[in-house]
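This report concerns only the one structure given below.
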Amino acid sequence: MIVALIVACEIGFWVLLAAGLAFRYLLKMPRTGLALLLCEPVLEVVLLVATALDLKNGAQPDWTHGLAALYIGYTAGHGHRTVKWLDGHAAHRLGGAPKLLGPPRYGTARARHETRLWLGTLAGAAVATALLQLAVWYVGDPGRVTSLEDWRLTAWRIAGIHGLVALAYWIWPKKAPAGAVEAGGADRERAGR
């Protein structure tokens, strides 16, 4: 049941996102579009409540409950950035706004960008860990919560690997090809925030 709900939440995320952007830019109803986009977090609340009810009804805590916590954590850490990025592209394609600058490609600017992405992953791992710890306390039986405790480690492994990738951009910054100047320099850095 939980896996099906995770899939339904993911589909719901994209449906709400498409509807919100369509209302904002195609139908010229920005308030309605914004209201639809602001409904996105409701999906995570539904998933959280369903997971808690599943555990309350005596379900054996397993990988599906851990995956639900990671999904909610990912959405908390990266959902806003994803919506903002897609909104910018929709504004350009459908609303006549200037084209978005991509992330910086070279040097310190790229390292800062990767670090900001990693901070989102770190926030997601913290949210997932908090939800998993609450689930452990909620179940209250040390013999039944081993899989939930394993998912906490998985969240931090993911954050650690992503942190190493971000650190690599600081240690070995990618250099621009000879004679190439990256357009937008400081503007690109501000746009990436």
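The values are calculated or read from the model by the stated rules, or taken from the named source; none is laboratory data. Worth saying up front: this structure is predicted, and the values here are computed from it rather than measured. No Cβ is skipped: glycine too gets one built from the backbone with ideal geometry, and neighbour counts run over all protein chains shown. The accessibility values were calculated without ligands, DNA or RNA, using every heavy atom of the protein model including side chains. Shrake-Rupley method; radii C 1.70, N 1.55, O 1.52, S 1.80 Å.
For the chain, just say rounded, prolate or oblate: build the C-alpha gyration tensor, square-root its eigenvalues into a ≥ b ≥ c, call rounded for a/c under 1.5, and beyond that prolate if a/b exceeds b/c, oblate if not. Verdict is oblate for the chain.
Does region 82-179 classify as rounded, prolate or oblate by the C-alpha gyration tensor (a ≥ b ≥ c root eigenvalues; a/c under 1.5 gives rounded; else a/b over b/c gives prolate, otherwise oblate)? Oblate, since a/c reaches 1.5 and b/c is not below a/b.
Computed with a 1.4 Å probe over protein heavy atoms only, the accessible surface of region 10-75 comes to 55 Å² per residue. 3J(HN,Hα) along region 160-166, derived from phi through the Karplus expression 6.51 cos²θ - 1.76 cosθ + 1.60 where θ = phi - 60°, amounts to x, 5, 5, x, 5, 5, 4 Hz, with x in place of Gly and Pro.
I'd like to compare 61-72, 105-116: which one has the highest average count of other Cβ atoms within 10 Å, and what's the full order after that?
61-72, 105-116
Expressed as a whole percent, the accessible surface of region 5-153 that belongs to carbon and sulfur atoms is 70, based on a 1.4 Å probe. In order along region 3-17, the Karplus-derived 3J(HN,Hα) couplings, from 6.51 cos²θ - 1.76 cosθ + 1.60 at θ = phi - 60°, round to 4, 4, 5, 4, 4, 4, 5, 5, 5, x, 4, 6, 5, 4, 4 Hz, and Gly and Pro are given as x. For region 137-149, backbone phi angles converted through the Karplus equation (6.51, -1.76, 1.60; θ = phi - 60°) give residue-by-residue couplings of 5, 5, 5, x, 10, x, x, 9, 10, 4, 5, 5, 5 Hz, Gly and Pro being listed as x.
Working from label points 7 Å from Cα in the Cα-to-Cβ sense, the Ala123 to Asp150 distance is 3.0 nm.
The local environment of Gly66, defined by Cβ-Cβ distances under 14 Å, has a net charge of -1 under the rule Lys, Arg +1 and Asp, Glu -1. For region 111-169, the solvent-accessible area with a 1.4 angstrom probe is 52 square angstrom per residue.
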